[in-house]
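> I have a structure here, written as structure tokens, and I will follow up with some questions on it.
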Amino acid sequence: MTAAENVCYTLINVPMDSEPPSEISLKNDLKGDVKLKTEALKKVIIMILNGEKLPGLLMTIIRFVLPLQDHTIKKLLLVFWEIVPKTTPDGRLLQEMILVCDAYRKDLQHPNEFIRGSTLRFLCKLKEAELLEPLMPAIRACLEHRHSYVRRNAVLAIYTIYRNFEHLIPDAPELIHDFLVNEKDASCKRNAFMMLIHADQDRALDYLSTCIDQVQTFGDILQLVIVELIYKVCHANPSERARFIRCIYNLLQSSSPAVKYEAAGTLVTLSSAPTAIKAAAQCYIDLIIKESDNNVKLIVLDRLIELKEHPSHERVLQDLVMDILRVLSTPDLEVRKKTLQLALDLVSSRNVEELVIVLKKEVIKTNNVTEHEDTDKYRQLLVRTLHSCSVRFPDMAANVIPVLMEFLSDNNEAAAADVLEFVREAIQRFDNLRPLIVEKMLEVFHAIKSVKIYRGALWILGEYCSTKEDIQSVMTEVRRSLGEIPIVESEIKKEAGELKPEEEVSVGPAQKLVTEMGTYATQSALSSSRPAKKEEDR
């Protein structure tokens with residue numbers, strides 16, 4: 001941006017359908033009643049924002065608009081004085097601005113706190129030291145105003161002026177420190193403390209040292225700034241960690257979720273001690289459970305996952321797996337997915353049994369929930385997690401298989417397919433579990449609804465049933481599933497009501513046939529026998 005360009009902080013977007021008014025008509029309107037002046041001032045602001053030069057209107061506005069006490073006019077004037085050119089082409093302050101400066105001073109002493117506060121906010125945007133210098137006594141006086149809105153904006157104005165023109169108020173840090181010690185309002189204290197952090201960090205630390213035991217009683221906006229200061233100081237000077245780490249521990253108990261989140265993040269960066277990591281992780285878990293916003297839950301879960309990536313932190317988090325699983329009470333699928341993955345990464349031989357018990361309960365719960373797309377997907381996630389646990393910890397497979405077998409008959413084919421995949425792997429890996437798997441599969445075999453699952457289950461039974469009793473049980477279940485044979489004829493008769501209880505199914509003698517390929521094939525004839533009387537009637 002070149003020096004010739006105007007710096008603009010406020011944009012007002014109003015469609016200009018008609019031709020812009022002339023300077024003469026604007027002058028006439030600015031001399032009219034309050035309503036006309038308001039509309040004319042809006043047009044002037046828009047034209048200046050659009051790059052128009054209207055130097056002839058400056059004195060008109062000073063004479064006829066500036067003295068008004070109307071609040072809308074005063075708001076618009078703050079915008080106007082912000083954007084209007086205040087210097088000559090050679091950089092000198094316009095003579096007319098002396099009159100404007102006097103108007104600023106009167107507004108800083110106005111009995112209405114809104115006018116005072118908004119004027120102080122406006123002064124933060126001024127870049128002309130000559131305009132600000134006469135106003136410094138009035139700005140200082142605003143620090144003692146009865147209303148907190150005025151005081152906190154006075155702090156902002158002093159901070160901005162000190163940062164841009166330190167010579168105008170060289171004692172600003174000392175002034176604000178004294179103000180902070182005696183101030184009671186949380187928003188004012190926050191602004192004052194923020195200024196000391198950036199303007200005089202030593203004074204900020206001195207103040208914090210005097211009230212470090214009372215930090216928990218402060219408002220959340222001040223607590224957040226204190227966390228920021230401790231983070232900056234301890235990273236710049238690690239020897240200060242012992243001085244302030246207890247304060248961070250205390251802020252983990254804050255009533256504000258934002259403060260707890262920032263304090264936990266700061267604690268992790270300041271200390272890698274197991275107690276610190278555990279306290280931070282527990283704080284994150286509590287935030288996830290208590291916060292209703294799913295986006296917040298996902299962000300905090302990411303912080304837990306980052307903690308897990310550190311080798312020395314993983315052992316600490318393993319002790320919190322059961323607490324992490326409490327997050328599964330959240331109905332959001334993405335949160336549950338991340339939680340299950342985190343728990344699976346942290347599972348060990350010490351906590352796998354408890355993990356499996358919780359997951360089994362969650363699987364059973366999904367049966368009692370009204371069918372929903374997310375319920376089916378959640379069930380799949382649980383099945384896959386139990387699958388992974390059983391593969392990593394074979395001793396758990398015997399506890400998991402009976403529960404999962406029930407889902408082979410699930411209406412959701414995807415969930416049933418995941419169970420079938422797990423069963424196929426388990427029966428192949430664990431010889432000692434084969435009898436149990438075959439027994440449970442035979443129990444649910446007749447209830448399987450999906451052709452794909454039925455085919456897979458039949459293959460498993462055919463492959464791994466080795467005893468005579470198992471083979472007979474499989475044939476019985478297959479026969480039970482098929483129903484009356486011949487299937488088509490029996491179905492037709494059943495619909496017609498002709499099928500009688502005394503009808504039996506007989507299997508004819510096997511007959512050997514030669515196929516076109518020259519190989520033997522065996523064919524059995526199935527026929528239904530009827531009582532002799534029925535045969536004679538035919």
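The values are calculated or read from the model by the stated rules, or taken from the named source; none is laboratory data. What you see is a predicted model, and the numbers here were worked out from it, not measured in a lab. Heads up, the Cβs are rebuilt from the backbone with ideal geometry, glycines too, and the neighbour counts pull from every protein chain shown. Accessible surface is based on the protein model in full, side chains and every heavy atom, while ligands, DNA and RNA are left aside. Shrake-Rupley method; radii C 1.70, N 1.55, O 1.52, S 1.80 Å.
> Does Asp374 satisfy the condition of being of a type outside the set (Phe, Trp, Tyr) and under 35 Å from the mean Cα position of the chain (by Cα)?
On the way: of a type outside the set (Phe, Trp, Tyr): yes; under 35 Å from the mean Cα position of the chain (by Cα): yes.
Criteria met by Asp374.
> Of these, Ile277, Ile299, Ile289, which one is more than 16 Å from Tyr249 (Cα to Cα), of a type in the set (A, V, I, L, M) and touching a residue at least 12 places away in the same chain (Cβ under 8 Å)? First the steps, then the outcome.
On the way: Ile277 fails: more than 16 Å from Tyr249 (Cα to Cα); Ile299 fails: touching a residue at least 12 places away in the same chain (Cβ under 8 Å).
After ruling out the rest, the residue left standing is Ile289.
> Among the candidates Val356, Val300, Val296, single out the residue that is aliphatic (A, V, I, L, M), modelled with pLDDT under 90, assigned to a helix (DSSP H, G or I) and surrounded by 14 or more Cβ atoms within 10 Å (Cβ to Cβ).
Val356
> Under 6 Å by Cβ, and 6 or more places apart or on different chains, what pairs join a residue from the stretch 226-237 that is open to solvent by less than 70 Å² (accessible area, probe 1.4 Å) with one that is modelled with pLDDT of 90 or more and not small (Gly, Ala, Ser)?
What qualifies is Val227/Glu262; Val227/Thr266; Leu229/Ile197.
> Within the stretch 187-199, can one find any residue that is over 30 Å from Pro134 (Cβ atoms), part of a helix (DSSP H, G or I) and open to solvent by 30 Å² or more (accessible area, probe 1.4 Å)?
In the first step, residues of the stretch 187-199 are kept if they are over 30 Å from Pro134 (Cβ atoms); the result is none.
No, there is no match, as no residue in the stretch 187-199 is over 30 Å from Pro134 (Cβ atoms), part of a helix (DSSP H, G or I) and open to solvent by 30 Å² or more (accessible area, probe 1.4 Å).
> Do we have Leu131 as over 44 Å from the mean Cα position of the chain (by Cα) and of a type outside the set (Ser, Thr, Tyr) here? Lay out the reasoning, then the answer.
Details: over 44 Å from the mean Cα position of the chain (by Cα): yes; of a type outside the set (Ser, Thr, Tyr): yes.
Yes: the conditions hold for Leu131.
> Among the residues of the stretch 136-152, what is the count of those that are open to solvent by less than 70 Å² (accessible area, probe 1.4 Å) and either aliphatic (A, V, I, L, M) or in contact with a Leu (Cβ under 8 Å, 6 or more places away or on another chain) (or both)?
Counting residues in the stretch 136-152 that are open to solvent by less than 70 Å² (accessible area, probe 1.4 Å) and either aliphatic (A, V, I, L, M) or in contact with a Leu (Cβ under 8 Å, 6 or more places away or on another chain) (or both) gives 8.
> Let me ask something else about it. Going through the stretch 233-262 one residue at a time, which ones are within 16 Å of Arg190 (Cβ to Cβ) and in a helix (DSSP H, G or I)?
Leu251, Ala258, Val259, Glu262
> Here is a check on your reading of the model: is Glu353 farther than 21 Å from Ile277 by Cβ and acidic (Asp, Glu)? Please lay out each step first, then the result.
Values: farther than 21 Å from Ile277 by Cβ: yes; acidic (Asp, Glu): yes.
For Glu353, the condition - farther than 21 Å from Ile277 by Cβ and acidic (Asp, Glu) - is met.
> Give me a count of the residues in the stretch 308-330 that are without any contact (Cβ under 8 Å) to a residue 40 or more places away in the chain, within 21 Å of Ala273 (Cα to Cα) and open to solvent by less than 10 Å² (accessible area, probe 1.4 Å).
The number of residues fulfilling the criteria is 2.
> Same structure again: Go through Ile453, Ile427, Ile460, Ile401 for me and flag whichever is of a type outside the set (Gly, Ala, Ser), out of contact with any Lys or Arg (no Cβ under 8 Å at 6 or more places or on another chain) and either open to solvent by less than 60 Å² (accessible area, probe 1.4 Å) or not in a helix (DSSP H, G or I) (or both).
After applying the criteria, what remains is Ile453.
Residues are listed down the side, and each one gets a yes or a no for (1) in contact (Cβ under 8 Å) with a residue 40 or more places away in the chain; (2) open to solvent by less than 50 Å² (accessible area, probe 1.4 Å):
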position	(1), (2)
Gly56	no, yes
Phe80	no, yes
Asp90	no, no
Asp107	no, yes
Arg116	no, yes
Phe122	yes, yes
Pro134	no, no
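> Please tell me if Ile62 is assigned to a helix (DSSP H, G or I), at pLDDT below 90, exposed (fewer than 15 other Cβ atoms within 10 Å of the Cβ) and at negative phi. Working first, answer last.
Numbers: assigned to a helix (DSSP H, G or I): yes; at pLDDT below 90: yes; exposed (fewer than 15 other Cβ atoms within 10 Å of the Cβ): no; at negative phi: yes.
Answer is no for this residue.
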